[in-house]
Structures are given as structure tokens and as C-alpha cells.
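Beneath this line is the structure, given in C-alpha cells, with notes to follow.
The values are calculated or read from the model by the stated rules, or taken from the named source; none is laboratory data. From a predicted model like this one, the values you see are computed outputs, not experimental measurements. We place every Cβ from the backbone using ideal geometry, glycine too, and count neighbours over all the protein chains shown. Accessible surface areas use protein heavy atoms only, side chains included; no ligands, DNA or RNA. Shrake-Rupley method; radii C 1.70, N 1.55, O 1.52, S 1.80 Å.
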Amino acid sequence: MKITISPEQQLHELKNKMYSPLCGLLTSYGYNIHERFGPRVYVSGGELTGAHLLVGQQAPKPGSYHIGGTGILGYEAAIKTYGETAERYAGVISALQISDKGRFESYDSLVMENEPVLSSEKMDLFDLESLPHPFPFLKFNPASPITWVQADNIGFGEDRKWIPAQQFMIGYSPRTDEGERRFSAAVSTGTAVHTSRIKALQSALYELIQIDSAMGHWYGRTSAVRIGFDSRVKDLQHVLDKHMRKGGSRAEFYLLPSPDLPGFSVACLILEPFGRVPVVSVGLGAADSLEKSMYKAWLEGVGVKTLASWSLVNRLSEEGVGDVDTSAMYDLDSSVIHAAFPEGASKVFERFGSSAMTNASDLPADVERDDDEDVRHIIGAFKRSGKELYCSDLTTRDIASLGFKAIRVWSPDTLSLCLPSAPPNKHKRFNDYGGFAHVDPHPYP
């Protein structure tokens, strides 16, 4: 007889393996208290263990890893938090692989040795003259040594190339004492864990697509599409009717079309009435179904609203000031704080306000595929549009012992989540979004 373990029992077993203030991957965990007029949704969060010590980084501020989960059930929020903990851990400690597999030399040197290496134009991302100063990155110099790692190129069909550790590995710290220049920074977008490799790869790919669409829309010139509710999204409407309080927060949904990559990328704006802060919080979701993408975006929007409230309280208690200096927003908490105030919110309303509304049923149809077929379809879209796509398995023995697979994907030909005041304004991908338009800081965490 097959014994079925309930989700609650699975979570209990995972907690026993992962949570401990002394030696767990997750050292603290808790739920946020519902606001009086806020959504009836569970929002949980936690802190990662001291993985920074393993890779020689400075201790991050509390909450810097943005580990959390949101759901209409407590289990849904909790399992996402535990999964995201494993994801962040995998991303940070991936830098430990460099000592055995990396190379420290200049781009010019690799070219002279006829090594397969990423094109130098894909590392020259910033027109520094038109961006704020002081700026956290220097211009890429092909003659200066940097650290390189090899990854499988599953986009173009080539086997492997040398790519910069700065752009690929979240836990990597440049060797500044040896002359390495910081010209970019990796973010966790494109890293995912799941109980199967194919589902982890699928989640990582959709993350890559959703951020490309979000950054392209925000800094580019294309328009979003406001989604009108009808029978196609009736299940989501039922959820919103049940979990959004009357007279409280409300949600608006926008499709962020990709020029050439599949799936649905959706932004959800969580709006507060009567000028309460946070004025607006923006969540993202992407999947092969419109309604699934909208649900994911709504949950993330509620989570971002909670992050904004928490960040505002901390900022007021520590610094005694509210809004942030928009000329130098080089952390992702600042983006949600700025959108929480009227000035930042006005930029969000300006960017999304011109979106024409289309009923959900009039948008492209969902395409049902199994997970393997969906992954092949996405990778095929990268190939057909001429995009390199790098993949690495970050699963370590401790992550595998938890029942997880950890996958990292990255493409130099799509837009990554940037620091709010540091958009890669020379990136060629903006040509597909009508060109680079402005430097107003984005609202995404």
C-alpha cells in the first residue's frame, strides 16, 4: 500500500532539516501580521544562514536576501520561503566552485588563446556619461583581468563558453586587490529550486523572461496591456473577492509582452486608497497560462507591499526620514520604498497609465504542454531569436539531501534585474523594446 504524506507533514519534515537559529540554512522564520485593510493573505519571511562567510563577503543587512513567501494558505507561504532559502543559499555558495574551475585573466588573453569566450560587447553595458554619479560600476576593460567560469550554452547550441563570474555567480566578490574591476553584478533572477530538475529549469527560465519583459517595459518605449476581467480568469476573480478586503487595497493587472519569448509576463499593481503608504507596490509573475501568471503576480505584489511597509518602518526608525535619494538608488529595498511615496508612485502610474485595456479572453490563448515540452519550447525560442542561454546545475550534496535540485540560467541577450539607478542603458536588448527611454528608478525588489 502506498503511503501518502500530507503537505503539512512534508513541510514539518523540511523544517526539521532546514530551520535552526544555530545551524540551519534558515536561521529565523515568521509571519507578518495582517493589516486592518490589507489582503487576507499569509506573508512569511526568514533569514539565510551565514553563507557570506564561506565566500568572503561582508555580512548583509537583515532582509537583504529578500527571502519570503506569500499564499492564501499558510503552507503555501511557508514552502515558498523554505524553497527560496535553498535557492539563495545555492546562488551564494556557487562561488566556491571558482577555485577549482575558474580562470583569472583578461578577455584579450582568452581571445589570444582561442578560448571560447563571451563577446566583449555583451559586457560593456553602461554609457557612464548619462548615468548618475558616483556610479558603482566601472567600464569593462578587455585588457584587465577578471574571473571567468565555464557554463553550458544551451541557447546557441554551442557546448561551453567562458563567461564572467561577476555576471553569473551571485556569491562572487571581485578580486579587487589583484586588479579586478567591478563592471556588473549578478542577481538571483534565473536561479530556482524544485523537487525535480525539469521544474527547477522551467521556473528559472520563466523568471528570466519575466524580468526581461519588466525591465524592457520600464526603461523602454513599449506599452503594457491592462487586463480586463472576464470568464477566462473567473477563478482568480473568486480568489480576489475572497481575500481582498472591501475598502482596502485593490489590484490592477498588466500584461508585459515580450518581443520574442514565450509565456505570459504579468505585473500586478497593489494600490492603497486615500493616499495611504505604501501608495503602490508592484509584483511580477510569469507562466504558460495567463491566469496562473496573474495569480503569481498578485501574490508577489502583496509580498512586495509587506516588504515596503517593513522597509519604511525600519527606515523611519533608523534614519528618521521617509523617501530615498533617487540619484543614487543602488539597492533593491530603495526601489520599493520610493514607489511607496507619492513621487515614486507617480512614475509607476505614468508608466502604466497609458496602457490600453483588453479583456483576458481576447489575449493570446494558453498553450498546454507538459513540463519537458514547455522547457524545450522556451529554449527553442532563445535559439530562434539568436540568444545565448547559459545553464549550470548548482545542486550541492546538502541541497540534494533536502530533496531539491538547484538550477541557474542566464542570458547576456536579455535584460536582468538592475540596481534601480543603474540601468544597462547600452544593452542592445532595449532595441527590441523601442529603445532606451529614461533613467527613472524601477519599482521592483
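Data overview
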| read-out | value |
| --- | --- |
| Scan of the range 55-82 for residues that are over 25 Å from residue 245 (Cβ atoms), more than 19 Å from the chain's Cα centre (by Cα) and in contact (Cβ under 8 Å) with a residue 60 or more places away in the chain, ordered by number | 55, 56, 57 |
| Residue match in the range 206-227 (condition: among the polar types (S, T, N, Q) and farther than 22 Å from residue 364 by Cα) | no |
| Answer residue from the range 260-292, given it is part of a helix (DSSP H, G or I) and touching a helix residue (DSSP H, G or I) at 6+ places or on another chain (Cβ under 8 Å) and is surrounded by the fewest Cβ atoms within 10 Å (Cβ to Cβ) among those | 275 |
| Boolean, residue 104 is surrounded by fewer than 18 Cβ atoms within 10 Å (Cβ to Cβ), farther than 30 Å from residue 421 by Cβ, of a type outside the set (Asp, Glu) and touching a residue at least 12 places away in the same chain (Cβ under 8 Å) | no |
| Boolean, residue 71 is touching a Lys or Arg at 6+ places or on another chain (Cβ under 8 Å) and either within 19 Å of residue 391 (Cβ to Cβ) or open to solvent by 70 Å² or more (accessible area, probe 1.4 Å) (or both) | no |
| Number of positions in the range 148-183 that are open to solvent by less than 20 Å² (accessible area, probe 1.4 Å), farther than 23 Å from residue 330 by Cα and either among the aromatic types (Phe, Trp, Tyr) or not in a loop (DSSP other than H, G, I, E, B) (or both) | 6 |
| Hits in the range 185-222 - residues which are small (Gly, Ala, Ser), in contact with a helix residue (DSSP H, G or I) (Cβ under 7 Å, 6 or more places away or on another chain) and surrounded by 24 or more Cβ atoms within 10 Å (Cβ to Cβ) | 190, 192, 216 |
| Residue check, residue 433 at pLDDT 95 or above, hydroxyl-bearing (Ser, Thr, Tyr), over 18 Å from the mean Cα position of the chain (by Cα) and closer than 30 Å to residue 340 by Cβ | yes |
| Filtered residues of the range 1-53 (kept if aliphatic (A, V, I, L, M), open to solvent by 80 Å² or more (accessible area, probe 1.4 Å) and either in contact with a His (Cβ under 8 Å, 6 or more places away or on another chain) or over 19 Å from residue 88 (Cα atoms) (or both)) | 1, 3, 33 |
| Only one of 432, 374 that is of a type in the set (D, E, K, R), closer than 18 Å to residue 210 by Cβ and open to solvent by less than 10 Å² (accessible area, probe 1.4 Å) | 374 |
| Qualifying residue in the range 99-108 (condition: touching a Gly at 6+ places or on another chain (Cβ under 7 Å) and hydroxyl-bearing (Ser, Thr, Tyr)) | no |
